[in-house]
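Everything below concerns the one structure shown next.
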Amino acid sequence: MPIIPTTAYASVEGTLTLARALINDMLVSQAGEILTDNAPFTFPMLNECADYMERELKNHGYNTFTKETVLSPITPKGTQDPGTFVNISDSGYYDGNINHNPPMLPEDMDTPLDLWERQTGSQEYWIPMDRQLDGLPSLSLTSRLRVWAYYQDAIFMPGANQSEDLRLRYSSVGLTFITPNDIIQIRGAQNALANLLAAVFVNSRDPGAAVGFSNAADAMIRQLYLTNTRSKQRRTQTRIRYGAGWNGSSRNFNR
């Protein structure tokens, strides 16, 4: 799905400028004297910070990184052996006999979340597939793939006797920066990322100051995922205090 241009996302240059302001590297100009755009250490440190922020957000259910794609065609299984599984990996689709490329897993996939299937070329409804967390069972060959498991960085399935399309919902890896013009595709993330970069930059010189920047960044990241989590709730949930009725009164319902 194409990304529609928007001004809601900050740029890498804005993040670098803020980081330079935080570490007092703007005495001469906003371009800085040490943490410049062209310094050999700037982007490696920035990408280290971006990876940390991305993992923290994902671990708290932040859903910006969720994408969908269709993998097609998943051709019929190349063997009748129920103990042999087909799989899709970074190198293509293995049908139990030979490897095909395409289809293959998306390059930016971190973790698969959900799978649906339908016959290739049809307009039938997508049929949900069941994820097996304890390994795949040996199943007789039918027209459907039915179940899936993810291990060895590949999606394994029993295979089918007809060509199927897969609709894949997955968590993506999205924060890798190369130029100052790159966009940070997380709303409101600029301040957190700038503080993380300031923490990494000053850590070897002033660990005490680094802790301050790191704590500020973690607080900002927390604000991001709390806002995201609460937006999914239909209403605010608060625990009724002990001994209170549904309306907060001290009514004793045991009398």
Within the stretch 136-179, can you find the residues that are small (Gly, Ala, Ser), touching a strand residue (DSSP E or B) at 6+ places or on another chain (Cβ under 6 Å) and either in contact (Cβ under 8 Å) with a residue 24 or more places away in the chain or over 21 Å from THR75 (Cβ atoms) (or both)? ALA154, GLY159, SER163, SER171, SER172
Residue under evaluation ILE127, criteria (1) more than 23 Å from the chain's Cα centre (by Cα); (2) of a type in the set (Val, Ile, Thr); (3) within 19 Å of MET104 (Cα to Cα), criterion not met: (3)
Being out of contact with any Cys (no Cβ under 7 Å at 6 or more places or on another chain), closer than 30 Å to LEU16 by Cβ, surrounded by fewer than 16 Cβ atoms within 10 Å (Cβ to Cβ) and at pLDDT below 85 is the requirement here; does THR229 meet it? yes
The lone exception for LEU197 - which of (1) within 16 Å of ASP37 (Cα to Cα); (2) part of a loop (DSSP other than H, G, I, E, B) it fails: (2)
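Can you tell me which residues in the stretch 55-100 are polar (S, T, N, Q) and closer than 17 Å to GLN152 by Cβ?
Hits for the stretch 55-100 are THR84, ASN87, SER89, SER91, ASN99.
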Could you list, in sequence order, all residues of the stretch 22-42 that are of a type in the set (D, E, K, R) and farther than 16 Å from ILE178 by Cβ? ASP25, GLU33
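The values are calculated or read from the model by the stated rules, or taken from the named source; none is laboratory data. Here the structure is a predicted model, which is why all the values come from computation and not from measurement. In this analysis, Cβ positions are derived from the backbone assuming ideal geometry, glycine residues included, and neighbour counts consider all displayed protein chains.
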